[in-house]
Every structure is written in structure tokens, then in C-alpha cells.
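Read-outs throughout are calculated quantities, based only on the coordinates presented, and are distinct from any laboratory measurement. Note that the structure is predicted; figures quoted are calculated from it, not measured. Positions of Cβ are generated from backbone atoms using ideal geometry, with glycine treated the same way; all protein chains shown enter the neighbour counts.
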């Protein structure tokens, strides 16, 4: 309680201590004293209301006890320390574009999972010592992607957003194929070639008309 509030309270107590009936029945000097004291208390109360600052209750703290206007330092530190995703292979922007056009040509209109699987075959070949060590070399290897790589140089189908995301997933996320290095579509493959896939490799799975294989066990 401020000093002026204490004065106002004391004035009020003094007024209460002097019964109104007694004041009214007192001689004129008593009534005059009561009136003077009453006026003085009213002035003090008004001055207190005008000059005493209004104290507002502080804003409640957030559940974690953190400032409501500044982000937590721990959150900022965690964001700064979060590692950037690391690609499984090294490749140039041109090679990324090549992969996107090849995947689009190989499985145009297929599911997202199917596109990731085909892109993973390319990545797995780059990682396997039995194949060339770059995306460009893998895609230009003889009799491997002859029609699909042509879609990069003379596009028939441009990569969709889904295809672009599928290539990103294959490069940055875990393999979804179990190490597949080959795939073929029986519907469009001659018997002799299909026989080589089926008899010389290890079958992994089939998806939307494509059969995927890893290398034969040594």
C-alpha cells in the first residue's frame, strides 16, 4: 500500500470513528470540523487515484517458463546443430537431371514407390564395384538404359514433381530394394534375355510389372 493510500485509509477510519448522527447533532463548530475532514479525505482519495500508478498483473509465463517473444535458446541451438542430409553417392546437378529423366522414361505413370525403386537401382550400381562409379557412366553403359537416357537428350516426358522427389529419396534415404541392381519387364523382354535374369540373378521382388534382382550370390 502506498503512502497516499495509507493516508486515505486513515481519513476513512477517522470518519468512521465519528458517528454521523453525533456529528449532525453537534454544535456548529463540530459540524464544520466534520465537513472539513470529509472534504480533505475526498481530495486525498482523488489524488491517490490520479497519481498512484496502476499495477497490472504480470503475464503468465509459458509452460516451459520461456519468453513469449523470443525462441528458446535450446531450440535455436538444436536447429543449428541438426546435420544436413548426406547423399549416398556423389553426383553433379547434371547427373541428378539425368536420373530424373531416365526414371520418368522407365516408369512414367507408375507409383512413387516404383519410381524410388528404379532410382535405387541406379544408386546401387554406382555403389557397387562391378559397375561404373558415376551416375553418368552407369546410365550410358552399353545396353543398360539406351532408350531411357535418350529421354534426357530428346525429352518425350519431362520429370514430374513426384519423380524428382523419388530421385531425391533414392540418393538421400535408405535403399528400399534390398540391394537390387537389375530390373526388367517380362512383358517387353525377349525370352532369352528374361531367362538370363531369372537364372543368373537373385530375385528380390516384383512391382507393377517389373521384376527386380540383385547379383547372384558368390
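This table checks each residue for (1) over 14 Å from residue 117 (Cβ atoms); (2) outside any loop (DSSP other than H, G, I, E, B).
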residue: 162; (1), (2): no, yes
residue: 170; (1), (2): no, yes
residue: 177; (1), (2): no, no
residue: 183; (1), (2): no, yes
residue: 187; (1), (2): yes, yes
residue: 206; (1), (2): no, yes
Hey, any hits in segment 155-164 for a residue that's out of contact with any strand residue (DSSP E or B) (no Cβ under 6 Å at 6 or more places or on another chain), closer than 19 Å to residue 133 by Cα and surrounded by 12 or more Cβ atoms within 10 Å (Cβ to Cβ)? no
Name the residue, out of 132, 146, 142, that is touching a helix residue (DSSP H, G or I) at 6+ places or on another chain (Cβ under 6 Å) and without any contact (Cβ under 8 Å) to a residue 24 or more places away in the chain. 132
